[in-house]
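The values are calculated or read from the model by the stated rules, or taken from the named source; none is laboratory data. Fair warning: this is a prediction, and the values are worked out from it, not measured in the lab. Quick reminder, even Gly has a Cβ in these numbers, built from the backbone with ideal geometry, and neighbours come from all protein chains shown.
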Amino acid sequence: MAAHVHNDIETADAALAMSNNTFVIPDIHGRLDLLEDGLVAIAVRSQGSGDTIVTIGDYVDKGPASKAVIERLRSGVGGFDLVTLKGNHDAMMAGALRHGSKMADWLGKGGAAALASYGGDPADVPQSHLDWLDHLALFHADRHRLYVHAGVDPQTPLDLQREETLLWKRYPKGYSEGYGDLHVVHGHDNDPNGPLLYQGRTNLDTLAWRTGRLTIGVFDDDRPGGPVDFIVVNGAPAAR
């Protein structure tokens, strides 16, 4: 079943339309259909050169097409600066395939679906895919925002943040602070009724791999704070 794209831009005024934007794609988890339709919708929404796409990790596990998602992102996105960040599931996959003692834990947390997308044999996962997962950045910052998979310690300088925090942190319910003057944009802690918007942070993870609803945040590069718009991609929910 093809995904259907709803691109809600009615609230964007003309001034915003002329600004450069950053489009943030949260946890994909093997849903190539949602990723592809999201990229198409971003291209329609974009006003031209200078826009950025940030993917905030968890490309693999749970959904059916982890291999194809990695291949799609490795090929780049024409006309955009693409920033690919690491998620905890990406780190788990690479760790399990390098260290057999971690395999059972990974397979039980969604890795079985990822391995199946390669044919079921760990030996069939290309070295190039492992290298790509290993070298994903842990965070990305611009003038107004900090993009990360899970979260940050607000008391710790960025260059001293622990990888475990960046990949696994869960904010207390209702926590509204960002990172200093930077608005934090993250995923990881899914909420099917999201996205969750707070003064200092935005959580975009809507459990897309299961719900079939991927919410992409649109951020105006000239305006501080949260998203100015959303692109919502609606596809088939996961089979139960």
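Being surrounded by fewer than 19 Cβ atoms within 10 Å (Cβ to Cβ) and in contact with a strand residue (DSSP E or B) (Cβ under 6 Å, 6 or more places away or on another chain) is true of ASN234. Looking at ASP81, is it farther than 25 Å from GLY217 by Cβ, surrounded by fewer than 17 Cβ atoms within 10 Å (Cβ to Cβ) and without any contact (Cβ under 8 Å) to a residue 60 or more places away in the chain? So ASP81 fails the test. Checked against the criterion of being of a type in the set (A, V, I, L, M, F, W, C) and more than 21 Å from VAL83 (Cβ to Cβ), the candidates LEU196, LEU146 yield just one match: LEU196. Within region 72-111, the residues that satisfy the criterion of being more than 15 Å from the chain's Cα centre (by Cα), on the phi < 0 side of the Ramachandran plot, assigned to a helix (DSSP H, G or I) and among the small types (Gly, Ala, Ser) are ALA94, GLY95, ALA96, GLY100, SER101, ALA104, GLY108, GLY111. Within region 194-218, being surrounded by 22 or more Cβ atoms within 10 Å (Cβ to Cβ) and basic (Lys, Arg) holds for one residue alone: ARG201.
Taking the criterion of being within 22 Å of ALA208 (Cα to Cα), more than 21 Å from the chain's Cα centre (by Cα) and of a type outside the set (D, E, K, R), would at least one residue in region 122-133 satisfy it? The answer is no; no qualifying residue exists. The test for being closer than 20 Å to GLY38 by Cβ, acidic (Asp, Glu), modelled with pLDDT of 95 or more and loosely packed, with under 14 Cβ neighbours inside 10 Å does not hold for ASP121.
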